[in-house]
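Colleague: One structure follows; several queries about it will come next.
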Amino acid sequence: MKRRRIVRSMGVMAAAIGLAFTSSGQAGAIAQTAITYDGASWCIYGQAAVDEAAFSGAVTFATHPGCGGYKTMPAHTLSVERVLLAYDMPNNKWYECNRTTPVQNTTASYSVSSNSNGHATCGLGQWYASFTAAYAWDGTAWRGAWVGSNNQWVPVSLAASSATKTNAPPSAPKTSAADAVKRGEVRRGSSTGPRIATDELLKPPAAPGGN
């Protein structure tokens, strides 16, 4: 990617950070934003974010060709899906904590988002990571990919001071969420559930767009 492309893209990414967390109010959010599709007609970004209370947010947004400046897309041509993973530290296993169904933009818009309704869905005192499916419909197929956040520690007490032991994160997971996903090691439902293949966990939307 050329230098001027990086600078322009960074401006778009900085603006997107506010999209996923408009209803959170939490500080210290771990978010990753990346281009999931760069085509002749439009460019698609995805953002995956999770904060220190395990509130997760996902955003898909479109820009003009060259990946600069928001581009309004017709209804039902943008799709977002969110998967929240939690980490069982004693067993060194990531598992699928919560998953949404794909959400499409119902009106003409440059973005569509999906935010979790509650905090610490799978408990306190553990690591979380969030993944976002960011896709756009080109008339025949969904174009895009998944974006993963970094790992986020959620303390035992959300009200605890950062100086207390309950709020201090332990060592990072032995296996990152991204590596567990790539290896097909993520478990379904709990750390003792069956493994989920990568192409099943990170699949494109099933329903056609444009309807």
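The values are calculated or read from the model by the stated rules, or taken from the named source; none is laboratory data. Quantities reported herein were computed from a predicted structural model and do not represent experimental measurements. With ideal geometry, Cβ positions are generated from the backbone for all residues, glycine too; neighbour counts draw on all protein chains shown.
Colleague: Under 6 Å between Cβ atoms, at least 6 apart or on separate chains: pull out the pairs that start in segment 183-194 with a residue that is part of a loop (DSSP other than H, G, I, E, B) and end on any residue that is hydrophobic (A, V, I, L, M, F, W, C) and surrounded by 13 or more Cβ atoms within 10 Å (Cβ to Cβ).
Modeller: Val186/Trp94; Val186/Ala180; Val186/Ile196; Val186/Leu201
Colleague: Let me ask you something else. Could you list all residues from segment 185-211 that are within 23 Å of the chain's Cα centre (by Cα), at pLDDT 85 or above and loosely packed, with under 13 Cβ neighbours inside 10 Å?
Modeller: Selection gives Gly189, Pro194, Ala197, Asp199, Glu200, Ala206.
Colleague: Working only within segment 65-106, note down all residues that are of a type in the set (Ser, Thr, Tyr) and farther than 23 Å from Gly189 by Cβ.
Modeller: Tyr70, Thr72, Thr77, Ser79, Thr106
So that you can scan it fast, the table gives a plain yes or no per residue for (1) closer than 19 Å to Ala49 by Cβ; (2) out of contact with any Phe, Trp or Tyr (no Cβ under 7 Å at 6 or more places or on another chain); (3) modelled with pLDDT under 90; (4) among the hydroxyl-bearing types (Ser, Thr, Tyr):
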site	(1), (2), (3), (4)
His119	yes, no, yes, no
Gln126	yes, no, yes, no
Tyr135	yes, no, no, yes
Ser157	no, yes, yes, yes
Ala160	no, yes, yes, no
Ser171	no, yes, yes, yes
Arg183	no, yes, no, no
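Colleague: Sticking with this structure for a sec: Filter segment 97-125 for residues that are buried (at least 16 other Cβ atoms within 10 Å of the Cβ) and assigned to a loop (DSSP other than H, G, I, E, B) and give the result. Walk me through it before giving the result.
Modeller: So in segment 97-125, the residues buried (at least 16 other Cβ atoms within 10 Å of the Cβ) come out as 97-98, 100, 102-105, 109-116, 119-122.
Hits for segment 97-125 are Thr100, Pro102, Asn105, Tyr110, Ser116, His119, Ala120, Thr121, Cys122.
Colleague: Oh, and also: Could you count how many residues in segment 110-140 are hydroxyl-bearing (Ser, Thr, Tyr) and farther than 17 Å from Thr36 by Cβ? Full working, then the answer.
Modeller: Initial filter on segment 110-140 (hydroxyl-bearing (Ser, Thr, Tyr)): 110-111, 113-114, 116, 121, 128, 130, 132, 135, 140.
Next, only the ones that are farther than 17 Å from Thr36 by Cβ stay: 116, 121, 128, 140.
Selection size over segment 110-140: 4.
Colleague: Is it true that some residue in segment 83-96 is closer than 24 Å to Pro173 by Cβ, surrounded by fewer than 18 Cβ atoms within 10 Å (Cβ to Cβ) and hydroxyl-bearing (Ser, Thr, Tyr)?
Modeller: Checking segment 83-96: not a single residue is closer than 24 Å to Pro173 by Cβ, surrounded by fewer than 18 Cβ atoms within 10 Å (Cβ to Cβ) and hydroxyl-bearing (Ser, Thr, Tyr).
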